[in-house]
1. When region 302-311 is examined, which residues are found to be buried (at least 23 other Cβ atoms within 10 Å of the Cβ) and out of contact with any Phe, Trp or Tyr (no Cβ under 9 Å at 6 or more places or on another chain)?
2. One residue is enough: does region 248-257 have a residue meeting the conditions in contact (Cβ under 8 Å) with a residue 60 or more places away in the chain, open to solvent by less than 20 Å² (accessible area, probe 1.4 Å) and in a helix (DSSP H, G or I)?
3. Check region 90-107 and report whether any residue there is open to solvent by 30 Å² or more (accessible area, probe 1.4 Å), assigned to a helix (DSSP H, G or I), touching a His at 6+ places or on another chain (Cβ under 9 Å) and modelled with pLDDT of 95 or more.
4. Output the helices (runs of 4 or more DSSP H) that fall wholly within region 278-348 and possess 2 or more residues being among the small types (G, A, S), or say none.
5. For P383, only one of the following conditions fails: (1) under 23 Å from G137 (Cβ atoms); (2) open to solvent by less than 30 Å² (accessible area, probe 1.4 Å). What is its number?
6. Go through (1) touching a residue at least 40 places away in the same chain (Cβ under 8 Å); (2) closer than 30 Å to M142 by Cβ for A402 and report which single condition fails.
7. Of the conditions (1) open to solvent by 20 Å² or more (accessible area, probe 1.4 Å); (2) over 18 Å from the mean Cα position of the chain (by Cα), G175 clears all except one; give me its number.
8. Would you check which residues across region 222-244 are under 21 Å from the mean Cα position of the chain (by Cα) and open to solvent by 40 Å² or more (accessible area, probe 1.4 Å) and list them?
Amino acid sequence: MKTDLFGSPVALDDAAAREAWNATCLAFLAHGRTTPEHLGRLLTAAPDFALGHILRGLFCMLLGRREMVATAREAAAIARPLAEGCDRRTREMLAALDAMLARDPRAAVAALERILMADPGDTLAMKLSHGIRFLIGDAAGMRRSVERVLGAHGAGHPGRGYAMGCHAFALEETGDFALAERTGLAGLSHAADDAWGLHAVAHVHDMTARAEDGIRLIDGNRAAWEGSNNFRYHVWWHKALLHLDRGETDLALDLYDRQIRVDRTDDYRDIANATSLLARLELEGVATGNRWEELAQYAENRVEDGCLVFADLHYMLALIGGDRTQAQARLTARLAAQAEGPAPLDRVADHPGQAMAAGLTAFGEGRWAEAFTRLSSGAAALPAIGGSHAQRDVFERLTIEAGLRAGQFNRSEAAIRDRIERRGGHLDNFAATRLDRLDSLRKTAQSVPAE
């Protein structure tokens, strides 16, 4: 059997089809905007190539859009008869797709890890496992997975830089900030277009309160991410967060308008960038005008999606910001109904999904004590919604803000201290200003005479 650029088996005798497969893999690893074009070229050249259809289905499932689930099912149905008698890689990839369709991402990861046990140099399987673990917030699993295969990604392996980028992100998410930074920067020397690895280092700068370094990194490495798909909006989002940490709210809002929402898509990742930035800005007293309106419209159209709780909670932010109370109620009801389902992802809708949604609703209505109680109750399980520390931080900030407004001084301080600890003891501007405010609120409370 022929092999691809990673040395992994690929049932493609035609050289042009293999070239399209390799181009698809590399573009996917780089979050390249040309990924679907290469995949389309592959399936045109090799319509009976099972692995191509399976990969199309997995890509659809990673989009977190209800309408794409049907397309993924179609891809699986096409691939199933074609995969009969195929190599292990193809069969396990199909098992991973079936598991994603069953809303069981851990089973999908298990199938991909079986591929890697036999072929640790399969960078495609590594990246897919990494990406799915990211969706369920399994930072420790991301790290274990990539560290098991790093030895097979030595000098000269075409996937080495991308593997190092995944390693850098996993290191950052598990708190090894110094090694994450070194690994991410070294990875870029092997894969200059690895937007994921670059952004892993930006995460380090966010977590260690080094805004200047992060801004310099992003500005100085545009080749790594400007050719990427909508992931480039996420990199702009990181830059906006770094400016926000420096108190440069005008620059953050300008980036929102000129870059982060320059294309007004309803991709949940783009909505997450936008809603979480607007929420952060408003917590700093910045007027955001009518920017919530278009986000709320998109969110209202996605209330019934139910693909990812991470997406649902950001839709809720948009609905609150846009004052769509009926849509908020519909989303709350859908989460409650989904929580009764049998699939593993349904358990995330149950907890922390319902608690977080209720807390956000209470926050939007100014019921600070209830917001703090509800949001706090979901805090420990929050990683299960997926995403990164930086992405979930908007919910931590809202929790802390609710506690301060509710007069829950001791518990608010504990939440602030926990957040600082997760950041390796580094004090960012949010923590510093909230600790100052907490001190002021306590002094005010102590100065009020008893009746």
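The values are calculated or read from the model by the stated rules, or taken from the named source; none is laboratory data. Here the structure is a predicted model, which is why all the values come from computation and not from measurement. Every residue, glycine as well, gets a Cβ built from its backbone with ideal geometry; the counts of neighbours run over all protein chains shown. Remember, those area values only see protein heavy atoms, side chains included, never the ligands or the DNA or RNA. Shrake-Rupley method; radii C 1.70, N 1.55, O 1.52, S 1.80 Å.
1. Hit for region 302-311 is V309, nothing else.
2. No, there is no match, as no residue in region 248-257 is in contact (Cβ under 8 Å) with a residue 60 or more places away in the chain, open to solvent by less than 20 Å² (accessible area, probe 1.4 Å) and in a helix (DSSP H, G or I).
3. Looking through region 90-107, none of the residues is open to solvent by 30 Å² or more (accessible area, probe 1.4 Å), assigned to a helix (DSSP H, G or I), touching a His at 6+ places or on another chain (Cβ under 9 Å) and modelled with pLDDT of 95 or more.
4. It comes to 291-301, 309-321, 325-338.
5. Result: P383 fails condition (2) only.
6. (2)
7. For G175, the failing item is (2).
8. Hits for region 222-244 are R222, E226, G227, N229, R232.
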